[in-house]
Each structure stands twice: as structure tokens, then as C-alpha cells.
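Since the structure comes first, as C-alpha cells, the remarks are kept for the end.
The values are calculated or read from the model by the stated rules, or taken from the named source; none is laboratory data. Given the structure is predicted, the values throughout are model-derived calculations rather than measurements. Quick reminder, even Gly has a Cβ in these numbers, built from the backbone with ideal geometry, and neighbours come from all protein chains shown.
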Amino acid sequence: MFDVLLNEDERSIRDEVRRFVRDKVERELILAMDSKSKEYPYEFIKAAAKENLLGLRFPNEYGGRNLGWVSEMAALEEVGVLGIALGCAFSLPSIVGEAINKFGTLEQKKEYLLPTLQGKKICGEGLTEPRGGSDFFGTNTTAIKQGDTFVVNGEKRFVAGGIGADYFLVYAKTNFVALPHESLSAFLIDRDMGVKVEEEYELMGCRGMGAARIVMKDLEVPESNLVGKIDDGNSIFNTMMVPERLTSAAGPIGMGRAAIEIAVRYADKREAFGRTIKKYEAISFKVADCTTKLDAARGLVYRAAKKADTGDWCRKEVSQAKVFATEAGFTAVHEAMQILGGIGYTDVYPIERLYRDARLATIWTGSNEVQRLIIQNEVFREILSEDRSLKRDVELDTPGAHKAEEKVYSEDPKKYYPT
Ligand SMILES: Cc1cc2nc3c(=O)[nH]c(=O)nc-3n(C[C@H](O)[C@H](O)[C@H](O)COP(=O)(O)OP(=O)(O)OC[C@H]3O[C@@H](n4cnc5c(N)ncnc54)[C@H](O)[C@@H]3O)c2cc1C
């Protein structure tokens, strides 16, 4: 692979994770998770922590490696080959860790971030509610201050690690008069503070990551577990969404790549009508298109990651990467299954499992509809704010242009729309 987009250090961590995925992750673990005989992949987390692979970009003192975002995304693509459930378990320390690292107190970093990256504590995040996930700021979960504790009431659903995690980063409403964006706060809530699991979901794919509904009823959460400032959940949310969406973009590239590799080898051997099916362009063009989309997706992910490294606002780039990569990943798995024909639809190959997994990627971590809303908002804001700052009047850019156009079209419509 011509990997000009990575420097030597980034290639090195990618190759290290590739070896870890190949040599240290048992196929039996994936099958046990998929058949639901295993509820949470603790051994995978412990193995990754032992190799110092969790939270690669966090400071050494908290168990990270001080690497950049591109390194982490290159690593994530490799883990993505294993499917979403393990990719998610690998990503959560980076997502929850981001909130703690950027906004947490020294004590929170010692008590939560360090053991998380050491694989000693498992984390989860509670954003989505039964009421809905897209309208995040409409949250119904509340945290009312009483002395030096907050009393938390509410439910979060689809929480990965709902079964399995030791603690959750949960958003709750703390201000009942402010605008929605100024009314939420983030808390670190230990399972043993009284979090109950009400329902484990039967999922189409991505099994074995403990996705469940968690219920918090009159939970007393110490004030010291508030992350960042009161009512400043918005800042924490925006910060967390960078790893949340970038990791969920990078994983499907690995899934799509794995599926296409299987399909290429299959098409090289499988014969129909006296020739190998790779000779039919209906087959080989799928490979061409999918590989092109996956490579483009990787470019978008690395671009967003590089921008994240600068610390600049990168919401548009992150959402573009999430939309494009999750759709490219799903298309690749879908087309790979088509190339394999009937056998692709069985569990002889992992493609059917990757297919079930990949379907989630366009729905979660902010659906792709929500990502498109973000992208269009950012594009309109960028272009129009530049116009305003330059005092440019768009309508007067080419004076008379609209009038001239109207005249041409009203002259003889048939000239332009021949029947
Ligand atoms: C297996 C799994 C694991 C998950 N893990 C977690 C987790 O660990 N933590 C967590 O907090 N959440 C998690 N989620 C939740 C996930 O992030 C949400 O499902 C997702 O954000 C969408 O929310 P929703 O399901 O409530 O759909 P809704 O918000 O009800 O949306 C329904 C549909 O309407 C569309 N829509 C909504 N608003 C708009 C709009 N303004 N314009 C256009 N379209 C719109 C959406 O795109 C979607 O297609 C997980 C979900 C699943 C299935």
C-alpha cells in the first residue's frame, strides 16, 4: 500500500496495531461475542492495555503514548477489521478519556483516566435517551444539586458497556431556565453508585459490547464527579464528538478493506461460464469503485485528524469524514457480499457479520443525517461570514446577472428545452 499520507511514526503504530489484531485477538472471542455467549470483551481490553494501545494520544503519565490523532485513526482502521463491537471497546477510552483529559480535575484523571488506559476500569458513555438521540440537548435526565452531591434521575439507552462498564460519562440537565445548549452538565457516574441495567438489546450486529439501557434513580453523585464547569456540557460534548465521530469513521474503513480483500481473493479463484469472475467488469469494477471510495474516506479521516491536531475547530471536517467513511465502508461490505454470491450470505466468511456491523455506522455517534446538517451549517456559516466580513454583497457580485438570465430564458423557452 502506498501510504504517503502517514509519516514514519504513524506507519509504525499502524503496523504495530495490525500485528496485535492479527496475533493477539482470538477468532473465538469474536464468534463468542456474535453468538452472545460473551457479554463484554474484557480480555480484549486487557490485551490492548498490556500492549499500551489504549488512548494512544493521551499523555504518558495517564497511560497514553502522546501520539497524534492521525496515529490513533491509523490504529483504529486496523482494529476496525475485527468489526464494530471490538472497535467500540477500543474507542471508548479515547472518547470518554477526551472529556476527562481536557476538562477533568487532577483527581478525576488519576481515578478514572489512568485506570481506564491501563485496562483496569471499563468506561461507557450515556448520551442517548429513550426520548431520542439526535436531539441531544433535549435531554430529560436531571441532576439536582443538594449540598455537595447531585441527585441524578433518568435513563440512557443503547449504552455500549451498559453491561460491562465500571463507570459512565453521563449528561444531565442542571439548569432549568437556560437555553438547551447552556443547561447540561457532564458527570462521571460509577456503576456501584446504583446504576441499574433495565434492558439488554438484541442487536442485528455489533454484539457482545453490552449495549443496554441504564437507569439512574435518585442516584447521589458527589460534586467532585462533575466534569468541567456546571452547565458547560456543551463544550464537553463538542470536544468528545471529535474522537466519537472520527473513531466511528476510521473503523468502517478497516471493515470495508477486509471485505474487499476477501472478495478479491474469491474473485481470483471462483469461476463462472468458464472464466474467473474477476474477468467480468461487473465484478472487478465493484472492486475499483469500493477501493477508490475507501481511499478517499481515509484521506478525509486523516485530514480531519490533522486539523484536530492543530486544536482548531474541526466540526465540518470530522462530520464529512464520518458521513463519507461510514457510507464507503458499508458499500464496500455490501458489494463484497455481492461478489461472493450466495456463500457471502452465509457465515462461512465474515462478510455477513461485517455487513450487520457496518449497518450501524451510519446511525450512531450522530446519524449521517445529523452529520449532513452539521456540514451544511458549517459551509453556510463559513461562506456567508466571509462575505459579511469582506462586506461583499453577493447579489451585486456580477451586477445585472440575474436580470440578464431572466431575459434569456423568457425569450424563447423552446430554444432551451427542445422537445
Ligand atoms: C448498537 C448501538 C450502540 C449505541 N451506543 C451508544 C452509546 O454507547 N452511548 C450513547 O449515548 N448512544 C449510543 N447509541 C445511540 C445512537 O447514537 C443513536 O441511536 C443515534 O444517535 C440516533 O438516535 P435515535 O436512535 O434516538 O434516533 P432519532 O434521534 O429518533 O432519529 C430517528 C431518525 O430521524 C433522523 N433525524 C432526527 N433529527 C433529524 C433532523 N433534524 N433532520 C434530519 N433527520 C433527522 C435521524 O437521522 C434518524 O434517521 C447506540 C446505538 C446503537 C444502535
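The figures follow:
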{"quantity": "Test: residue in the range 181-190 that is at pLDDT 95 or above, surrounded by fewer than 18 Cβ atoms within 10 Å (Cβ to Cβ), in contact with a Ser or Thr (Cβ under 6 Å, 6 or more places away or on another chain) and of a type outside the set (Asp, Glu)", "calculated": "no"}
{"quantity": "Filter result (free of Cβ contacts under 8 Å to residues at least 60 places away in the same chain and surrounded by 15 or more Cβ atoms within 10 Å (Cβ to Cβ)) within the range 134-147", "calculated": "Thr139, Thr142"}
{"quantity": "Arg298 away from the ligand (no atom under 16 Å from the Cβ) and either assigned to a helix (DSSP H, G or I) or among the charged types (D, E, K, R) (or both)", "calculated": "yes"}
{"quantity": "Where Glu111 falls short, out of the listed (1) farther than 25 Å from Val21 by Cβ; (2) touching a residue at least 60 places away in the same chain (Cβ under 8 Å)", "calculated": "(2)"}
{"quantity": "Residues of the range 156-192 that turn out to be assigned to a strand (DSSP E or B) and within 16 Å of the ligand (Cβ to nearest atom), as a count", "calculated": "17"}
{"quantity": "Qualifying positions in the range 234-272 - among the charged types (D, E, K, R), surrounded by fewer than 20 Cβ atoms within 10 Å (Cβ to Cβ) and in a helix (DSSP H, G or I)", "calculated": "Glu261, Arg265, Asp268, Lys269"}
{"quantity": "Unique match (being under 30 Å from Glu202 (Cβ atoms), exposed (fewer than 15 other Cβ atoms within 10 Å of the Cβ) and either aliphatic (A, V, I, L, M) or over 17 Å from the mean Cα position of the chain (by Cα) (or both)) among Glu61, Glu26", "calculated": "Glu26"}
{"quantity": "Residue list for the range 184-208, restricted to those being of a type outside the set (Val, Ile, Thr) and within 22 Å of Ile45 (Cβ to Cβ)", "calculated": "Leu188, Asp190, Arg191, Asp192, Met193, Glu200, Tyr201, Leu203, Gly205, Cys206, Arg207, Gly208"}
{"quantity": "Among (1) assigned to a loop (DSSP other than H, G, I, E, B); (2) surrounded by fewer than 24 Cβ atoms within 10 Å (Cβ to Cβ); (3) not β-branched (Val, Ile, Thr) - the single one Leu54 does not satisfy", "calculated": "(2)"}
{"quantity": "Boolean, Phe136 is among the hydrophobic types (A, V, I, L, M, F, W, C), within 16 Å of the ligand (Cβ to nearest atom) and within 21 Å of Asn234 (Cα to Cα)", "calculated": "yes"}
{"quantity": "Some residue of the range 213-224 being assigned to a helix (DSSP H, G or I) and touching a residue at least 24 places away in the same chain (Cβ under 8 Å)", "calculated": "yes"}
{"quantity": "Hits in the range 328-382 - residues which are buried (at least 18 other Cβ atoms within 10 Å of the Cβ) and either aromatic (Phe, Trp, Tyr) or not assigned by TED's automatic domain parsing to the domain that holds Ala296 (or both)", "calculated": "Phe330, Tyr349, Tyr355, Trp364"}
{"quantity": "Pair list, Cβ under 6 Å, 6 or more apart: the range 360-386 residue farther than 20 Å from Gly256 by Cβ, other residue near the ligand (Cβ under 7 Å from one of its atoms)", "calculated": "Val370/Ser134"}
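Residue-by-condition table, conditions (1) within 16 Å of the ligand (Cβ to nearest atom); (2) within 24 Å of Ala358 (Cα to Cα); (3) at pLDDT 95 or above:
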position	(1), (2), (3)
Gly205	yes, yes, yes
Ala212	yes, yes, yes
Asp218	no, no, yes
Gly233	yes, no, yes
Asn238	yes, no, yes
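Matching residues to (1) buried (at least 24 other Cβ atoms within 10 Å of the Cβ); (2) of a type outside the set (A, V, I, L, M, F, W, C); (3) modelled with pLDDT under 95:
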position	(1), (2), (3)
Ile84	yes, no, no
Glu107	no, yes, no
Tyr112	yes, yes, no
Gly124	yes, yes, no
Thr149	no, yes, no
